[in-house]
2 protein chains.
Amino acid sequence: MTNKDARTPASVQDETSEEAGKSIGWHKAYIEGTRPDLRVPVRQVHLTNGQAVTLYDTSGPYTDPLVDTDVRRGLSPLRENWIIARGDTEEYAGRPVRPEDDGIKHTSPRGGLRNLDAVFPGRPRQPRRGRGGEAVTQLAYARRGEITPEMEYVAIRENVSPEVVRDEIAAGRAVLPANVNHPEIEPMIIGKRFLVKVNANIGNSAVTSSIEEEVEKMTWATRWGADTVMDLSTGRNIHTTREWVLRNSPVPIGTVPLYQALEKVDGRAEELTWEIYKDTVIEQAEQGVDYMTVHAGVRLPYVPLTANRKTGIVSRGGSIMAAWCLAHHKESFLYENFEELCEILAAYDVTYSLGDGLRPGSIADANDEAQFAELRTLGELNRIAKRFNVQTMIEGPGHVPMHKIKENIDLQQEICDEAPFYTLGPLTTDVAPAYDHITSGIGAAMIAWWGTAMLCYVTPKEHLGLPNRDDVKTGVITYKIAAHAADLAKGHPGAQEWDDALSDARFEFRWEDQFNLALDPDTAREFHDETLPAEPAKTAHFCSMCGPKFCSMKISQDIRREHGGTRAEVEEGMALKSKEFAASGNRVYLPIAD
Amino acid sequence: MTNKDARTPASVQDETSEEAGKSIGWHKAYIEGTRPDLRVPVRQVHLTNGQAVTLYDTSGPYTDPLVDTDVRRGLSPLRENWIIARGDTEEYAGRPVRPEDDGIKHTSPRGGLRNLDAVFPGRPRQPRRGRGGEAVTQLAYARRGEITPEMEYVAIRENVSPEVVRDEIAAGRAVLPANVNHPEIEPMIIGKRFLVKVNANIGNSAVTSSIEEEVEKMTWATRWGADTVMDLSTGRNIHTTREWVLRNSPVPIGTVPLYQALEKVDGRAEELTWEIYKDTVIEQAEQGVDYMTVHAGVRLPYVPLTANRKTGIVSRGGSIMAAWCLAHHKESFLYENFEELCEILAAYDVTYSLGDGLRPGSIADANDEAQFAELRTLGELNRIAKRFNVQTMIEGPGHVPMHKIKENIDLQQEICDEAPFYTLGPLTTDVAPAYDHITSGIGAAMIAWWGTAMLCYVTPKEHLGLPNRDDVKTGVITYKIAAHAADLAKGHPGAQEWDDALSDARFEFRWEDQFNLALDPDTAREFHDETLPAEPAKTAHFCSMCGPKFCSMKISQDIRREHGGTRAEVEEGMALKSKEFAASGNRVYLPIAD
């Protein structure tokens, strides 16, 4: 998205020193909206030819040298005044935090909080909710025709009009996840009409990881472009980890409340109850979770449909609910209590991410009866959620060979009234553990082209282990590629300008510009320097792949220089130019020191 | 491809010691054909449940512990007797090797061969060609209805009948690249009816690399699954490097003779002549190059069509020919002399890879007039080549956004009478240098699904530098994923059995089997061990992602165990089972030591 929008150049606020900008080739800038507290961050890449390219920026205040961030204080509550000004919410005492919230129901040799000073030390806060249980959702506002500051914010981010944002939300074709208790976020939107988004999962487990690591993974993921982050922690300190993540996150945070609920019953699925689950949802809503995966579509009669599968039920939430249903021989308590759940979510503006608990876990199981039976139920639940003004997106698979991908998005769009689809991959083959970012990146690009609104990333460690910092980065970059490839294929306005800027830099041998425009400038520069490390090589009119004599770009440029710019000029002047070319010594290469 | 073919189990020759097989989880085996000297290598993966899975194997004799390979002697000439037995070729003195073949036209301070003992020391050999200039091509044989040993060999490899192989070659829908001077290769076939193939590029350049490195890259690439290798060397020692590569390569070798021809005129495109080019083609054909990229479609009138492009001409061969055409204001000498070139290639069974010299080099230039004008000429040349019984495939782009990919394969198939398409990627976006294996892997999977027969790999270093060993591996693995994903989507017989075997291993927590079935067992094992290194973890009924309590596979297995195998059983017995489940203590998890 280069600066072709007439509004952009005038309103960009350059708040970074000249030096900082120059040394890194880009800097953080802001586009101001109709009010001074509405400032949309962008990444401005400064090219060596004097032009600038403006890119979407998910990295939050951490990349702004003028903002003093401190993970112990948390981010500034950007949206707080907007929420208060609406006058439809109230602060209240909130649910007291209990030991079992951190998975410490019984005293155990494993001890309580492993790290007692891990309790978040930031500003004291009380939770907020819709006054009198009112639906304080962006969907409710949009349906009333209101354009909230959040909507204006994403309109600027997406380079569309605020009315488009409002209308897409009102129609249920897009969601703007923004819990009233997470005022720290920079609003973003998820819908097929907008840029394809990427979610990164983090989370500790019983086996490994710590609070500090999870907060760092979150900031690291958003630095590379994650649009939302899901905290899928399942070990100890779930509540506390989430608090740190939320208070420091500039992007919406998603969770699967069932994981924490299960911790509260010591991992015994059959001991789960609606009351424990509901309590957990309220706990998380008060903390500020922006969207929640709810596996309410895993109904009792669908469980037998998985009996002949190759890999059974591979969704954790799905398998927990299936175990509960079978243990009690009862319909799912999530399905049975779905309307009450809608009321709770509406009062905080928590967005539903209706989980696909019966998604396929292998190529063999793709698009089977169990999967699509659940999808039809998600369609039914989506309509109920909309009655309660709860924003809703629908989760999708999983493991699907290429020829079966399109059916997934087409059916989902039809059954779920075009609600945003949010898919995990899909992986297009199962034979490459350690490369599932790639097996799934292929499927992700395709399904996003066909209309999926958000892609849940997959890291190289999928199926093998918990991702570390490097894996998180690789997963995010791979999925940003898939998302951007889809934006291009969908003809998203402005998407191609980024590619064009990089292509121009490549043709003109502006190496520094190529690096700075790259999704991952650091690695691009490092790879170049491995073969041609010297500084002059960064302005050389060739690169190490072909060497000076064989560079097609160089030859192509020389041809253009020798023979004029446009086709007409070339055609008319070719015979003449041919003679001049010979007279000039037939030089298609510059002399290069050997 | 598991061993369901009745022929396979009986005829598999297990020639590896029990120990070797067990220690690595797989071993090399051979399937014998109708004659004792026709033995097709396969990779046999031994599963811990006693079953075995048979996979396609490109790694050559290097992975057979019973074969004593020595890069200074070269591989054994497997096909020599087949070629001699046909009685249609003759040995002859051949063209003497000249200094300029290694890029040493003029004495220069850079010296001659940098490494004089690099001259290949293997067995003396004379080149061979069709007696009296006869076309000794697999196409000619197929058209006569013959099934050569090479055809039988690939039929066994592909698990199809020899007649299918013969008919696809006869129809020009497939090629079996096999120069009579490269008897060392294990025959393979390229065509949409068969498994999608992957090519890996190697080659030194003026800037970097050495002969030893290139030979090692070749064996390394084939070890990970490269089906052919192109030697794109452009620096010194081109002839000698190629000789080493050919004598040691179990896969077909491709080249771009224009690169070497240009070296012979010290990089001055306008000094190229048909005679120098032809001499180079003969030189390489005598050495045994199996297929050659020929940019005969870059015609004079098409050059102006590139004038308004964002990135001009990005094919090296294309830009060299364009420079030549403009310098002389003449039609391409390759186009003008194409029939004579056909006669030469037919006498050695060198396969054409008709180069797309005007392919797009950026998203902006995809599917433009220049590209498709050239494609139409390639269609014309394809028909000429077929008249001369020369096997022919057609090269394709390049840089193409997803929504424009299908048009490429559809047009190519129509214009080129279904000749095999051989594409470079395509890259689906330009914004991710350092990740172009992924940007292009996405496009490669899609275009292969739609009918492309061979994919030219792209490494992470594309656009940045020359690939090293790790990059070669990453490129090959990424492209094997793309190729296999396409095989699945095309419903290639047997393709899914590999995925199924891995999915079964995953569901049953057979970790060692998962690793050994993986495209890259080493990395899969290493990633697993990073989080859970202990040996017991490799038999654990969970993994580090979820820990013991949250493992969906585990829960799903428990459900199946508790509630019976088939859907009917589950449905009938559910109420009863529910009670039993409760009676058993509602245990969905095994107790795990903490």
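The values are calculated or read from the model by the stated rules, or taken from the named source; none is laboratory data. Just so it is clear, the model here is predicted, and its values are computed rather than measured. Here Cβ is always computed from backbone atoms with ideal geometry, including for glycine, and neighbour counts include all displayed protein chains. Note: areas computed on protein heavy atoms with side chains; ligands, DNA, RNA excluded. Shrake-Rupley method; radii C 1.70, N 1.55, O 1.52, S 1.80 Å.
Can you find a residue that is farther than 24 Å from A:GLY494 by Cβ and in a loop (DSSP other than H, G, I, E, B) anywhere in the range A:212-225?
Among the residues of the range A:212-225, not one is farther than 24 Å from A:GLY494 by Cβ and in a loop (DSSP other than H, G, I, E, B), which makes the answer no.
Would you confirm, using the coordinates I've provided, whether B:ILE447 is closer than 24 Å to B:ASN159 by Cα, without any contact (Cβ under 8 Å) to a residue 60 or more places away in the chain and more than 10 Å from chain A (Cβ to nearest Cβ)?
yes
Quick one: would you say B:LEU455 is in contact with a Cys (Cβ under 8 Å, 6 or more places away or on another chain) and buried (at least 24 other Cβ atoms within 10 Å of the Cβ)? I'd like the intermediate steps shown before the answer.
Working: in contact with a Cys (Cβ under 8 Å, 6 or more places away or on another chain): no; buried (at least 24 other Cβ atoms within 10 Å of the Cβ): yes.
Spelling it out, it is not the case that B:LEU455 is in contact with a Cys (Cβ under 8 Å, 6 or more places away or on another chain) and buried (at least 24 other Cβ atoms within 10 Å of the Cβ).
Assess whether A:THR234 counts as being open to solvent by less than 10 Å² (accessible area, probe 1.4 Å) and in contact with a Pro (Cβ under 8 Å, 6 or more places away or on another chain).
no
Sort out which residues of the range B:506-523 are outside any helix (DSSP H, G or I) and at the interface with another protein chain (Cβ under 7 Å from one of its Cβ atoms), and write them in order of number.
Hits for the range B:506-523 are B:ALA518, B:LEU519, B:ASP520.
State all residues of the range B:161-179 that are touching a residue at least 60 places away in the same chain (Cβ under 8 Å), open to solvent by 10 Å² or more (accessible area, probe 1.4 Å) and not basic (Lys, Arg); if no residue qualifies, say none. Talk me through it step by step, then tell me what you get.
Of the residues in the range B:161-179, the ones touching a residue at least 60 places away in the same chain (Cβ under 8 Å) are B:169, B:171-179.
Now narrow it down to the ones that are open to solvent by 10 Å² or more (accessible area, probe 1.4 Å): B:171, B:173.
The one that is touching a residue at least 60 places away in the same chain (Cβ under 8 Å), open to solvent by 10 Å² or more (accessible area, probe 1.4 Å) and not basic (Lys, Arg): B:ALA171.
For the structure I just gave you, tell me whether A:LYS386 is within 14 Å of chain B (Cβ to nearest Cβ), assigned to a helix (DSSP H, G or I) and open to solvent by 10 Å² or more (accessible area, probe 1.4 Å).
For A:LYS386, the condition - within 14 Å of chain B (Cβ to nearest Cβ), assigned to a helix (DSSP H, G or I) and open to solvent by 10 Å² or more (accessible area, probe 1.4 Å) - is not met.
Looking at B:ALA444, is it surrounded by 24 or more Cβ atoms within 10 Å (Cβ to Cβ), modelled with pLDDT of 95 or more, within 21 Å of the chain's Cα centre (by Cα) and more than 24 Å from B:GLY203 (Cβ to Cβ)?
The answer is no for B:ALA444.
Please count how many residues of the range A:290-312 are hydrophobic (A, V, I, L, M, F, W, C) and in contact with a Lys or Arg (Cβ under 7 Å, 6 or more places away or on another chain).
Total meeting the criteria: 3.
Filter the range B:136-160 down to residues that are of a type in the set (A, V, I, L, M, F, W, C), out of contact with any Lys or Arg (no Cβ under 7 Å at 6 or more places or on another chain) and open to solvent by 10 Å² or more (accessible area, probe 1.4 Å), then give me how many there are.
Result for the range B:136-160: 2.
Of everything in the range B:303-320, what is without any contact (Cβ under 8 Å) to a residue 24 or more places away in the chain and not in a helix (DSSP H, G or I)? Give them in sequence order.
Listed by number, the residues that qualify are B:ALA307, B:ASN308.
Run down A:TRP274, A:TRP224, A:TRP220 and say which single residue is within 25 Å of A:LEU139 (Cβ to Cβ), modelled with pLDDT of 95 or more and open to solvent by 10 Å² or more (accessible area, probe 1.4 Å).
Answer to the selection: A:TRP274.
A quick yes/no check of all residues on (1) open to solvent by 10 Å² or more (accessible area, probe 1.4 Å); (2) assigned to a strand (DSSP E or B); (3) at the interface with chain A (Cβ under 8 Å from one of its Cβ atoms):
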site: B:HIS403; (1), (2), (3): yes, no, yes
site: B:GLU407; (1), (2), (3): yes, no, no
site: B:GLN412; (1), (2), (3): no, no, no
site: B:ALA419; (1), (2), (3): no, no, no
site: B:ALA432; (1), (2), (3): no, no, yes
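Which one is nearest to B:TRP220 (Cα to Cα), of the residues in the range B:472-486 that are at the interface with another protein chain (Cβ under 9 Å from one of its Cβ atoms) and open to solvent by less than 10 Å² (accessible area, probe 1.4 Å)?
Selected residue: B:ILE477.
So B:GLY357 passes all but one of these: (1) more than 25 Å from A:ALA448 (Cα to Cα); (2) open to solvent by 10 Å² or more (accessible area, probe 1.4 Å); (3) not aliphatic (A, V, I, L, M). Which condition number does it fail?
Single failed check for B:GLY357: (2).
Do we have any residue at all in the range B:308-316 that's small (Gly, Ala, Ser), more than 10 Å from chain A (Cβ to nearest Cβ) and closer than 14 Å to B:PRO397 by Cβ?
no
Report yes if B:GLU243 is in a helix (DSSP H, G or I), touching a Gly at 6+ places or on another chain (Cβ under 7 Å) and of a type in the set (Asp, Glu), otherwise no.
Judged against the criteria, B:GLU243 is not a match.
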